[in-house]
Amino acid sequence: MLNPSHLAGYLVLGTLGGYVGMKLKIPAGVMIGAMLAVIAFKVATRVDWTLPRGFPFVLQVMLGITIGASFQMEMVRALTKVAVPVVVSTLVLVTVGMILAFIFAKSGIIDSGTAYLGTSPGAMSPLIVLALESGKDATVITCFHFFRVVFIILTMPIIYRYFFK
């Protein structure tokens, strides 16, 4: 049963978690903090509140607006300077993701669509939206991207310090 207080509860938890993530200066801390706060609450209380049907639409619109608003003409000029590395790295990442997806699907671990979205490079939010819209296992895809983001956040300072300074 839909209850407006469920949405309010998630919004409060997410806002608090996002604030903590931001204050701790975690990369993508607002999103990760919000996600961890809601997950921790759900695990601790075993409560699974239902979100309103239209909520994912609102989030997708907001995500689209955020991405669109972050575009600057300067990006076009920058892309002309780094077009080759951008294209090469994108093709390599997508190809490796497709190979891994093929292996995971052929081994029967997960279906091919879920495997492809899980191993695809990119931002977690849009890929989870694609998972929901395509009927793929959003939980599994979230696990892939969540682990990858957390892994990068935890290892990035070490890798940077020892390999790029």
Exercise. Might you check whether a residue that is loosely packed, with under 14 Cβ neighbours inside 10 Å, in a loop (DSSP other than H, G, I, E, B) and out of contact with any Cys (no Cβ under 9 Å at 6 or more places or on another chain) occurs anywhere in region 31-42?
Key: no
Quiz item: Restricting attention to region 108-141, which residues are in contact with a helix residue (DSSP H, G or I) (Cβ under 8 Å, 6 or more places away or on another chain), farther than 16 Å from Gly97 by Cβ and either among the polar types (S, T, N, Q) or not assigned by TED's automatic domain parsing to the domain that holds Gly64 (or both)?
Solution: Ser125
Quiz item: Is at least one residue of region 68-79 within 26 Å of Gly17 (Cβ to Cβ) and touching a Gly at 6+ places or on another chain (Cβ under 9 Å)?
Solution: no
Quiz item: Looking at Ser89, Ser107, which one is under 19 Å from Pro126 (Cβ atoms), at pLDDT 90 or above and not acidic (Asp, Glu)?
Solution: Ser89
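Residue-by-condition table, conditions (1) at pLDDT below 90; (2) over 19 Å from Phe151 (Cβ atoms); (3) in contact with a strand residue (DSSP E or B) (Cβ under 7 Å, 6 or more places away or on another chain):
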position: Thr15; (1), (2), (3): no, yes, no
position: Ile39; (1), (2), (3): yes, no, no
position: Thr45; (1), (2), (3): no, yes, no
position: Leu51; (1), (2), (3): yes, yes, no
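The values are calculated or read from the model by the stated rules, or taken from the named source; none is laboratory data. Everything quoted here is computed from the prediction, not taken from an experiment. Note that each Cβ is placed from the backbone with ideal geometry, even for glycine, and that neighbours are counted across all protein chains shown.
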